[in-house]
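The values are calculated or read from the model by the stated rules, or taken from the named source; none is laboratory data. Note that the structure is a prediction, hence the values are computed from the model and not measured. When we count neighbours, we look across all protein chains shown, and the Cβ atoms used for this are built from the backbone with ideal geometry, even at glycine. Just the protein is used for accessible areas: all its heavy atoms, side chains included, with ligands, DNA and RNA removed. Shrake-Rupley method; radii C 1.70, N 1.55, O 1.52, S 1.80 Å.
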Amino acid sequence: IPSWEEDLSPIGLEAATLGGRPARLERNGQDYIIDSGGEDFVFSYELVLTVEDRYSPDVRTMLTFLDRDRCRIMGRDVFLVPVVSLSDGIVIDVDLFGGGNLQSPWGGLGGRMIVPSIEELPLTLAVDGNYRILEEWTGGIDVCLAIAGDWDFGDGELFGVIRSIVSSEMALFGSAPHDRYMFVCDANPVRGGSKFEYYGVHFSAGMLLLLDPRIDRSELFGEKMAIIAHELFHSWNGEAVRSDGEGFLWFIEGATVYYSYKILLDANIINRAQYEARMETIRRRYLDNPYLESVSIGESGYSDLGDKSMVNLLYDGGCLAAEAIERRLGELSGGGIDLIDVIKLLSESEGPADDGALVEAVGRLCGADITAFVLELIHTPAPQILVESPADS
């Protein structure tokens, strides 16, 4: 989108019309405002995209991918929405490959999808073209996999892992924010060095899984599948429970990392030895982090998350903090309360969650004040409870 100091014409915006009559169009900062007088209107535009099929600091927010035979579209990348109150149900027609293979979390009929609300449009991930589609009712919700490319495993094998994870997470929570979830699987060409070879992104009812194309089929029953459990878990811890800015990101990401491996264990995707080995790897990487002595877990969410070491501090430290809090919950409740109970209670509260809401939720569930515990654990660099061995703690 050009600078707002320039004219609107470079993106090909056509003035909105009301039954053939022009509607007043103006801009306010970074917003288009169309004065329709409450009447239905039509507007159109052309948008030229330059995109890369990777998720790294220099293209952190661009998830749209275009190829000769297929595309995935991220709503916030390509759709401009007028600043007006619109009724629920936004009709989107996509005609890129002519095969009628459009799929989105909201389903698809031919080349059309109906997004349930204007708020969901920027968060909608859709695919069209040469994606293979698998769909089945699982754990009380409709689950769809859209997968492209050649892999060492069969589509059904990956879909089986996804369905097992969905069933395990639904068993924990009993219900989900959406009744249909779509997982999009593509190869991630960014490998090695400071990059992440496996990357997942959660947006509303859509999950993008960027997997290392070299993945061996045996790894479908390994720790790498935590990426699926992680992104789906954000439906509750991240969507139903929202962060208060960046200050609660340690919990949103940390508790999600922690439970993603517990879910793999519960779903028999990994065994107890694999689970314990993974937790030890997380602990060793946290203790070896170059920011350990200078940045607290809570502060890491405010820092440069283009820095892989800082990301690891947030995720590894948050995971270990979640484990420590769950252990404390077990001590306070005699094993009757865990973090799932806390997340459920936080999800019932209005507005975003923060450390204070966490402390309050624990107080309601266990009748204890863990303010000092959270303060030391989250806001002190290298907290003693995480630096010392689990056996000592």
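Computed quantities for the displayed model
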read-out: Residue match in the range 211-225 (condition: under 30 Å from Glu348 (Cα atoms), crowded, with 19+ Cβ neighbours inside 10 Å and within 12 Å of the chain's Cα centre (by Cα)); value: no
read-out: Filtered residue count, the range 243-263, keeping only those that are touching a helix residue (DSSP H, G or I) at 6+ places or on another chain (Cβ under 6 Å) and either in contact (Cβ under 8 Å) with a residue 60 or more places away in the chain or hydrophobic (A, V, I, L, M, F, W, C) (or both); value: 9
read-out: Residue match in the range 309-320 (condition: open to solvent by 20 Å² or more (accessible area, probe 1.4 Å) and among the acidic types (Asp, Glu)); value: no
read-out: From the options Asp69, Asp128, Asp53, Asp142, residue that is at pLDDT below 85 and of a type outside the set (Lys, Arg); value: Asp53
read-out: Selection from the range 117-151 of residues that are open to solvent by 50 Å² or more (accessible area, probe 1.4 Å) and within 26 Å of Lys262 (Cα to Cα); value: Glu135, Glu136, Trp137
read-out: Lone qualifier among Gly222, Gly160, Gly245 - being over 19 Å from Gly306 (Cα atoms), out of contact with any strand residue (DSSP E or B) (no Cβ under 9 Å at 6 or more places or on another chain) and at pLDDT below 95; value: Gly222
read-out: Boolean, Ile343 is β-branched (Val, Ile, Thr), within 19 Å of Lys224 (Cα to Cα) and buried (at least 16 other Cβ atoms within 10 Å of the Cβ); value: no
read-out: Tally of residues being open to solvent by less than 30 Å² (accessible area, probe 1.4 Å), in contact with a Gly (Cβ under 9 Å, 6 or more places away or on another chain) and either at positive phi or not aliphatic (A, V, I, L, M) (or both) across the range 321-340; value: 1
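Okay, residues lined up against (1) among the acidic types (Asp, Glu); (2) under 30 Å from Tyr198 (Cα atoms):
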site: Asp307; (1), (2): yes, yes
site: Asn312; (1), (2): no, yes
site: Gly317; (1), (2): no, yes
site: Leu320; (1), (2): no, yes
site: Glu323; (1), (2): yes, yes
site: Arg328; (1), (2): no, no
site: Gly334; (1), (2): no, no
site: Asp338; (1), (2): yes, yes
site: Ile343; (1), (2): no, yes
